[in-house]
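What follows is a single structure, written as structure tokens, with notes after it.
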Amino acid sequence: MDILEIMKMLKQRYPFLMVDRITEYDETHITGYKNVTINEPFFNGHFPGDPTMPGVMILESMGQVASVLLGLKLGNEQGGKIAFLAGIDKARFRRPVRPGDKLVTKAELLKARSNSAKVKTVAYVDDEVVAEGEFMCIIGDTLTKKEEAES
């Protein structure tokens with residue numbers, strides 16, 4: 001999937017869209033990546049002279065790959081529903097991510113119900129694990145009842 005297809009599935013937009021491409025996927029597994037560049041807005045302050053991708057942004061990239069997996073799993077049944085983050089278990093950071101790195105996330109669907117899911121994610125740079133965690137998601141409507149009535 002290229003960026004245009006990804007943008008059809010995710011609500012995030014620049015500078016918060018943290019997935020550039022999905023390279024493989026099936027019903028329970030997905031691999032995607034984010035090319036980390038010095039132009040990322042967070043590098044201005046994190047950290048001057050030692051640019052390091054914030055852990056929360058690494059998790060965001062991992063979570064967005066997991067969201068694409070859930071969107072693909074829902075398929076035509078998606079109908080305006082998206083995955084909202086409900087929690088992260090077993091989150092660990094192994095090494096820094098820096099400008100020029102290709103942050104690759106592999107995700108595996110552990111559990112899926114009609115309104116929730118659990119996805120195991122592992123992020124790599126050059127085949128070295130940089131972060132991992134298990135994401136719990138709630139599958140919900142993208143519009144509140146008030147927004148729906150106004151549209």
statement: For the stretch 130-151, pairs from a residue that is under 26 Å from T105 (Cα atoms) to a residue that is at pLDDT below 65 and outside any loop (DSSP other than H, G, I, E, B), with Cβ under 9 Å and 6 or more apart or across chains, are D141/E148
statement: Going through the stretch 114-139 in order, the residues found to be open to solvent by less than 10 Å² (accessible area, probe 1.4 Å) and of a type in the set (S, T, N, Q) are T121
task: Would you kindly identify the strands (runs of 3 or more DSSP E) lying entirely within the stretch 26-113 that contain at least 1 residues that are open to solvent by less than 50 Å² (accessible area, probe 1.4 Å) and closer than 13 Å to E134 by Cα?
output: 81-93, 102-112
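The values are calculated or read from the model by the stated rules, or taken from the named source; none is laboratory data. Predicted model only: the values in this text are computed from it and were never measured. Using ideal geometry, Cβ is built from the backbone for each residue, glycine included, and neighbour counts are taken over all protein chains shown. Note: areas computed on protein heavy atoms with side chains; ligands, DNA, RNA excluded. Shrake-Rupley method; radii C 1.70, N 1.55, O 1.52, S 1.80 Å.
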